[in-house]
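Have a look at the structure below, then the notes.
The values are calculated or read from the model by the stated rules, or taken from the named source; none is laboratory data. The structure displayed is predicted, hence computed values, not measured ones. Note that we place each Cβ from the backbone using ideal geometry, even for glycine, and neighbour counts take in every protein chain shown. Surface areas here come from the heavy atoms of the whole protein model, side chains and all, with no ligands, DNA or RNA. Shrake-Rupley method; radii C 1.70, N 1.55, O 1.52, S 1.80 Å.
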Amino acid sequence: MSIKNVLQSLTKKQRHLIIAAGLILLVLLFAILNSIVDLYSHTETQTSQPTPVPSPTPMPKRVAGQVLVKFKQSLSQTALQEQLQKHNARILSTNDAIQTTVLEVPVGQEDTIIQQLTEDGLVEYAESNYIFERRRFVPNDPMFNEQKTIIHIQAPEAWDITRGAGVKVAIVDSGIDATHPDLASKILATNGNVRDTDGHGTGMAGIMGAATNNAVGVASICPECQLLIAKDGATNVSAASITWAADQGAKVINMSWGGSGNSKVLEDAINYAWNKGALPMAAVQNENINDPIDYPSSYANVMSVTNINGTTDVKVPQAGYGQWVWIAAPGEGTISTDIGGKYHNGRGGGTSNATPVTGAVAALVWSTPYGTSPQAVRQRVCDTADKIQGTGTQFKCGRVNAFKAVQSAAQPTQQPTAQPTIGGGVPSPQCLGGVCPTDVPSPTVPLPTQPVANPTQPAVNPTQPPANGVNPTVIAQIPTQAPNPGGGSGGNSGGSAGGVLGLLVFFLLLLLKGFLNIF
């Protein structure tokens with residue numbers, strides 16, 4: 001019996017159920033095939049996208065006229081001398097621990113000599129004398145590149161050693177804008193009502209401890225310090241604020257104010273803070289006079305600060321001076337925080353700004369092994385100051401230098417111009433002073449050879465990336481893909497998908513027609 005006869009023997013209701021089931025199966029089949037086509041189309045579109053262009057890799061910096069080699073142990077002295085003569089080279093130094101040698105070679109022929117030594121099979125390896133840079137901490141605060149004071153005192157170099165984590169610094173001043181986006185998160189404690197109405201205290205707080213690397217506003221000299229805020233005023237108010245700060249564990253107390261009144265109450269408060277382990281910092285007057293009758297800056301247990309130009313290192317004309325003044329710091333044009341969530345370029349100015357600059361450096365020192373006592377910290381900041389014009393007459397110590405102040409005793413405080421040596425005399429692989437030329441000239445006397453025509457190979461030395469991390473040079477090198485109105489890879493994918501779907505619909509209609517003909 002044929003399938004048609006079997007179906008015709010069924011009741012009408014049974015045939016309708018079979019037809020409905022068949023239609024459902026056809027719809028499901030169509031949906032499955034459509035999903036497969038969509039997946040194929042999506043994959044084709046994805047794979048047709050252009051390959052991203054990688055950022056160019058900077059060429060490594062190296063010492064000009066030097067090659068590092070490790071000769072094979074089987075190489076005889078005679079063969080070694082022949083190679084030295086062949087390449088106009090001579091041995092500068094050796095590292096016996098790892099059996100490597102520094103060769104001085106004609107500038108510009110480094111790569112050629114490395115290749116020849118390798119091809120001749122005389123060395124285990126030969127390579128350039130590369131220079132490696134210290135990994136600088138560069139905050140992403142938008143105004144950082146404008147903060148010349150921070151750069152001038154070498155604070156970024158100091159940050160590679162310490163950022164003052166957990167050190168408490170007190171600002172005894174006009175108060176603070178406690179809601180400022182660059183300060184709110186840094187305030188550890190306040191003493192009563194500290195609402196700032198003139199912006200002076202807010203500015204001092206920003207110099208010392210504004211939030212740093214938060215992509216907002218400015219950076220501070222002590223990025224990880226914690227702020228204690230109290231108000232100044234009449235003697236009793238200022239004294240109470242100083243003792244409160246000391247009781248809170250402040251390691252630095254900033255006082256960017258003063259006068260000619262010699263108060264025993266104020267001096268007792270300062271001595272109390274000193275004995276509790278805090279270093280009081282005080283601004284000298286801005287009247288261009290040598291007058292030790294200035295308080296609290298002239299008290300024994302204080303570090304007094306005067307103001308110098310942040311570019312020339314010359315004392316600012318109106319700043320106080322004298323051998324009784326401890327130290328100098330840049331104060332003019334110091335960008336910092338202001339009330340109302342704003343920023344300013346030099347509010348307070350003068351010695352007011354110079355004082356928290358120095359105080360922040362002292363706070364960094366407190367976070368190092370040198371931070372054993374107020375006296376030790378003050379002396380460390382003094383001893384490592386740059387001996388600029390006026391040192392010894394206008395101020396004792398010089399201009400504050402954050403990097404030198406926090407350097408390890410094992411590190412040189414004066415950075416040499418030539419590469420230092422380690423072990424058997426191999427140049428140390430570091431970039432001195434944070435600035436590395438592509439090829440550092442060899443400090444030794446050049447070989448008596450004919451001048452080399454081949455110039456020194458230039459290297460890519462990209463400048464510091466902008467705060468947002470986007471390199472405009474790289475962007476310029478990546479071609480922008482124009483929108484495709486349908487004729488590109490996306491259009492082709494859509495066209496091929498549409499053709500497949502059309503064939504599927506046609507095939508399903510034929511199946512449906514054949515199915516219906518059975519009935």
Between residues in segment 375-394 that are over 18 Å from G322 (Cβ atoms) and among the hydroxyl-bearing types (S, T, Y) and residues that are outside any loop (DSSP other than H, G, I, E, B) and open to solvent by 20 Å² or more (accessible area, probe 1.4 Å), which pairs lie under 7 Å by C-beta distance while being six or more apart or on different chains?
T384/K404
Return yes or no: is N193 of a type outside the set (F, W, Y), open to solvent by 40 Å² or more (accessible area, probe 1.4 Å) and either touching a residue at least 40 places away in the same chain (Cβ under 8 Å) or under 18 Å from A363 (Cβ atoms) (or both)?
no
Within segment 144-182, work out how many residues are surrounded by 17 or more Cβ atoms within 10 Å (Cβ to Cβ) and either among the aromatic types (F, W, Y) or in contact with a strand residue (DSSP E or B) (Cβ under 8 Å, 6 or more places away or on another chain) (or both).
19
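Residue check: is G164 assigned to a loop (DSSP other than H, G, I, E, B) and not polar (S, T, N, Q)? Walk me through how you get there before you give the answer.
On the way: assigned to a loop (DSSP other than H, G, I, E, B): yes; not polar (S, T, N, Q): yes.
So G164 fits the description; yes.
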Could you grab me the full set of residues in segment 96-132 that are surrounded by 13 or more Cβ atoms within 10 Å (Cβ to Cβ) and among the small types (G, A, S)?
G108, A126, S128
Residues of segment 74-90 that turn out to be without any contact (Cβ under 8 Å) to a residue 12 or more places away in the chain, open to solvent by 60 Å² or more (accessible area, probe 1.4 Å) and not in a helix (DSSP H, G or I), as a count:
1
Scanning segment 167-211 for residues that are over 26 Å from the mean Cα position of the chain (by Cα) and assigned to a helix (DSSP H, G or I), which turns out farthest from E332 (Cα to Cα)?
G201
Any residue that is under 17 Å from K168 (Cα atoms) and hydrophobic (A, V, I, L, M, F, W, C) - is there at least one of those in segment 257-269?
no
Looking at the structure I just gave you, is S93 open to solvent by less than 40 Å² (accessible area, probe 1.4 Å), outside any loop (DSSP other than H, G, I, E, B) and either closer than 21 Å to I131 by Cα or at pLDDT below 90 (or both)?
yes
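Having 3 or more residues that are closer than 27 Å to V216 by Cβ is the bar; report the strands (runs of 3 or more DSSP E) wholly within segment 306-401 that clear it. Break it down into steps so the answer makes sense when it comes.
Values: elements: 327-330, 335-338, 342-345.
Result: 335-338, 342-345.
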